[in-house]
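The next block holds one structure in the form of structure tokens; read it before the comments.
Each reported figure results from applying straightforward, stated rules to the coordinates on display, with no laboratory input. Quantities reported herein were computed from a predicted structural model and do not represent experimental measurements. Glycine gets a Cβ as well: all are built from the backbone with ideal geometry, and neighbour counts include every protein chain shown.
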Amino acid sequence: MQKEILFRADGNSEIGLGHLYRLFSLIEMLKEHFKFTFVSSETSTVNIIPNSYQLKIIPSQITIKEEPEWISKEFDKNNTLLIADGYQFNSSYQRKIKEKGFKFVYIDDLASEHMFADLIINHSPNITSQIYSAEPYTKFALGTKYALLRPTFLDLIAKEKTVQKIDKAFVCFGGADPYNLTLKATKALLKTPQVKKIDIVLGGAYSHKEIYTLTQKNIKIYQNISEEELMKTMVTSNFAIAPASTILYELCCVKIPVLSGYYVNNQKKIYNGFANKKAIFEMGNMKDFSINSFEEQIQLFFKIDFQELINRQKKIFDQNIKNRFCKLISSL
């Protein structure tokens, strides 16, 4: 019987879509080599899951405590590797999955739980296994050598980039943007004379309305766009405002100067890693940012050496990420 990978994540307007998108990246790197099924809760925004993926929905009445039992009845432990991304997959969940006999991989960015997984993937820069409490058998795949990047962005790693001018902004704050930082950053950019054009990318779970009342001709709004469209929008921009999440990894592959910060805890380790490498313009905690806060940061940004940021971005990723993941998962 052919081996199968279960990719398990949820995403909606409450928890964001980042866990889903990270698994999409891993699927795209592995799908040529493995049979797979995407497993998600009935409460997820499932319409963003690609139609080409085989999808299995967990009924909403199945609790997280009951889920390992449900998985063990639906899938063969002897032929199945489970890869999960999400904070609900805590120590208790991991232990139950292992007791059911499954190989288990956990994608993590908090290092807050004792780990029972066979493998932990954490692509935050400068992370070491010393920050983890784990079982003796647990292995680790840490740092940007294991960046969860989609193929379109992996292909850009080798390309050179030189700053010509800084006048077109790319703005994206993830799938849900609960604090509507997109709107505040955009209004600040509209008050910045150096900025001539603004491209705004909204996630599938973005639910705020005011952004659509901005009718200036130099603004273009995109929502739920494809990987290819997203990449083209980034490439045609010459600087960006984005949080320290997967979108920051993708922007650094494109190699444009990024004003970045964090607004939830799971972004903090990534932010600190990129800040330590001096590969971003550092804005710190953006959760309570006002329009004026963004405006002040943007004015400071225009005084820095942009090419230096790009030169440091070049050193973050290499061209072997896809092969590295294929070997890693094959070994399990």
Net +/- balance of residues flanking L183 in space, Cβ distance below 9 Å, scoring K and R +1, D and E -1: 0
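Looking at the square roots a ≥ b ≥ c of the eigenvalues of the Cα gyration tensor of region 153-313, which shape do they give, rounded for a/c under 1.5, prolate if a/b is larger than b/c, or oblate?
Values: a/c = 1.24, a/b = 1.21, b/c = 1.02.
Rounded is the answer for region 153-313, as its axis ratio a/c remains below 1.5.
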Under 5 Å, built H, 5+ apart or other chain: amide partners of R8: V39, I83, A84, D85
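How high is the relative contact order of the chain, given as a whole-number percent (alpha carbon pairs under 8 Å, six or more residues apart)? Can you show the working numbers first?
Values: 609 pairs, mean separation 55.9, N = 332.
Relative CO of the chain lands at 17 percent.
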Relative contact order of region 153-313, pairs being alpha-carbon contacts under 8 Å that are 6 or more residues apart, as %: 27
Check: region 122-228 dipole with +1 on Lys, Arg Cβ and -1 on Asp, Glu Cβ, in debye: 520
Backbone HN-Hα couplings from phi across region 137-152 [Karplus 6.51/-1.76/1.60, Hz, Gly and Pro as x]: 7, 5, 9, 10, 10, 10, x, 6, 5, 10, 5, 8, 10, 6, x, 4
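Full extension from I225 to K287: what is 0.36 nm times the residue separation minus their Cα-Cα distance, to one decimal in nm?
Values: separation 62, 0.36 × 62 = 22.32 nm, distance 2.53 nm.
Answer, rounded to one decimal: 19.8 nm.
How large is the charge dipole for the chain, taken about the Cα centre, if only the Cβ atoms of Lys, Arg (+1) and Asp, Glu (-1) carry charge, to the nearest 20 debye? Don't jump to the answer; show the numbers that get you there.
On the way: 43 positive and 35 negative charges, 166 e Å.
Rounded to the nearest 20 debye, it is 800 debye.
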For region 199-209, Karplus couplings with θ = phi - 60° (6.51, -1.76, 1.60), whole Hz, Gly/Pro x: 9, 10, 10, 9, x, x, 9, 5, 10, 6, 10
Within a Gaussian network of the chain (alpha carbon springs, distance under 10 Å), most fluctuating of I127, I64, I304: I304
Region 23-168 - Rg and Dmax from Cα coordinates, angstrom: 17.5, 58
Among F153, S124, L189 the positive-end extreme of the charge dipole of region 113-212 (Cβ point charges): L189
Per-residue HN-Hα couplings for region 165-175 [Karplus 6.51, -1.76, 1.60; θ = phi - 60°; Hz; x = Gly/Pro]: 8, 10, 8, 10, 9, 10, 10, 8, 10, x, x
Per-selection metrics, region 55-139 (Cα): Rg and Dmax in Å: 13.1, 40
About the Cα centre, charge dipole magnitude for region 153-313 (Lys/Arg +1, Asp/Glu -1 at Cβ), debye: 260
Sequence-distant residues sharing a close amide H with K35 (under 5 Å, placed H): I5
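What order, most packed first, do the peptides 7-19, 41-53 have when packing is the mean number of other Cβ atoms within 10 Å of each residue?
Working: 7-19: 22.8, 41-53: 14.5.
Ranked from most to least packed, the peptides come out as 7-19, 41-53.
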Partners for K77 among aspartates and glutamates (Cα-Cα distance below 17 Å; same-chain residues under 8 apart left out): E4, E66, E67, E69, E99, D118
